[in-house]
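**Q** After the structure tokens below, expect a handful of questions from me.
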Amino acid sequence: INAEYGDNTLIIFTSDNGPWEYKCDLAGSHLPFEGLYQKSEYGGGSTGKMTTWEGGHRVPFIASWPGHISPGSVSDDLSSALDILPTLAQIVGFTLPPDRVFDGVPLSFVQPANSPRVLFIPDADVEEISVFRWDQYKVYFATFSIPDCAGKKGKDRLHNPDLPLVFDLSTDPAESTPVTNLTKEFYDLLINSKNEIQESIDNTFRSTVDWRKDEKFVACCNPDAEYCSCSKFGLRNISKKFYM
């Protein structure tokens with residue numbers, strides 16, 4: 001980075017997912033986030049990339065911003081890549097559109113974190129929330145794995161919606177032993193949190209068009225057409241609606 005801008009530049013290093021166990025030695029390690037309960041109780045399989053176990057989505061996050069973030073500081077705040085957009089918006093003084101829900105919140109080096117925080121973990125294969133974080137607790141309404149390095153896949157499980165599987169990640173990052181001494185009131189709190197998240201998602205606009213089949217979404221280059229756009233050099237055709 002040019003020294004002229006170094007003291008006024010926020011640098012963020014992160015990743016989009018955990019190691020892909022199917023790639024064996026090429027995948028890296030997600031220790032200590034092993035998803036041991038899946039491996040011991042449900043027949044094994046991968047608990048890395050493309051699963052909702054901690055090893056699948058827990059990633060490094062390193063930020064440098066001289067004068068704003070203390071060198072060597074470590075935060076235990078629950079955060080997500082979804083937080084980057086509202087963080088940058090707040091830094092530059094941009095007000096996000098009020099007509100839609102943003103799942104992220106400004107990161108704690110910009111705005112003090114609220115606790116406890118509820119954070120849902122997207123699962124592309126189901127319509128309903130199957131897992132979320134409530135502070136240090138990981139709450140599963142469904143668990144699954146994908147093939148591991150040896151091609152082995154464990155069992156998928158739906159859990160009692162009134163008694164979901166709960167792990168305390170502050171003491172059990174490997175997700176080896178579910179917490180069993182929770183009160184009914186706490187289970188009710190977790191279920192209500194899940195329902196609030198689900199309601200927010202259900203009431204948020206989502207496109208239902210299958211862009212793989214709809215002719216409007218075939219790549220095209222026509223500046224006069226509503227659904228087409230051309231790149232600067234005319235080398236790539238991009239459908240505007242694809243990004244909605």
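The values are calculated or read from the model by the stated rules, or taken from the named source; none is laboratory data. The shown structure was predicted, so the numbers you read here are calculated from the model rather than taken from an experiment. Here the Cβ positions follow ideal geometry from the backbone for every residue, glycine too, while neighbour counts run over all protein chains shown. We work out accessible area using only protein heavy atoms, side chains counted, and drop any ligands, DNA or RNA first. Shrake-Rupley method; radii C 1.70, N 1.55, O 1.52, S 1.80 Å.
**Q** Quick check for you: with a 1.4 Å probe and neighbouring chains kept, what is the accessible area per residue of the range 32-85, in Å²?
**A** Here the per-residue accessible area is 52 Å².
**Q** If you roll a 1.4 Å probe over the range 31-175 with all protein chains in place, what percent of the accessible area is carbon or sulfur?
**A** 56
**Q** Related question: Determine ³J(HN,Hα), in whole Hz, for all residues of the range 41-54 in sequence, where each value follows from phi through the Karplus function 6.51 cos²θ - 1.76 cosθ + 1.60 and θ = phi - 60°; x replaces Gly and Pro.
**A** 9, 10, x, x, x, 6, 10, x, 3, 6, 10, 9, 5, 4
**Q** Between beta-carbons, use under 15 Å as the cut-off and find the net charge around Asp172, counting Lys and Arg +1, Asp and Glu -1.
**A** Neighbour charge sum, excluding Asp172 itself: -2.
**Q** Now, a different point. For Phe186 paired with Leu26, estimate the spin-label separation in nm (one decimal), with each label point 7 Å from Cα along the Cα-to-Cβ line.
**A** Reported label-point gap for Phe186 and Leu26 is 4.3 nm.
**Q** Given the peptides 95-102, 153-160, 141-148, arrange them by the average over their residues of other C-beta atoms within 10 Å, most packed first.
**A** So the peptides 95-102, 153-160, 141-148, ranked by packing, come out 141-148, 153-160, 95-102.
**Q** Roughly how many Å² is the accessible area per residue of the range 143-185, as a whole number, for a 1.4 Å probe? Could you put the intermediate results ahead of the total?
**A** Working: 2550 Å² over 43 residues.
Per-residue accessible area for the range 143-185 comes out at 59 Å².
**Q** Computed from the mean reciprocal separation of all distinct C-alpha pairs, what Kirkwood hydrodynamic radius does the range 34-154 have, in Å?
**A** On the way: mean 1/r = 0.0604 Å⁻¹.
Radius from the Kirkwood sum: 16.5 Å.
**Q** Here's something else I'd like to know. Suppose the chain between Asp76 and Gln90 were pulled fully straight at 0.36 nm per residue; how much longer would it get relative to their current alpha carbon spacing?
**A** 2.9 nm
**Q** Arg157 versus Ile11, label points 7 Å from Cα toward the beta carbon: distance in nm?
**A** Between Arg157 and Ile11, the label points sit 4.4 nm apart.
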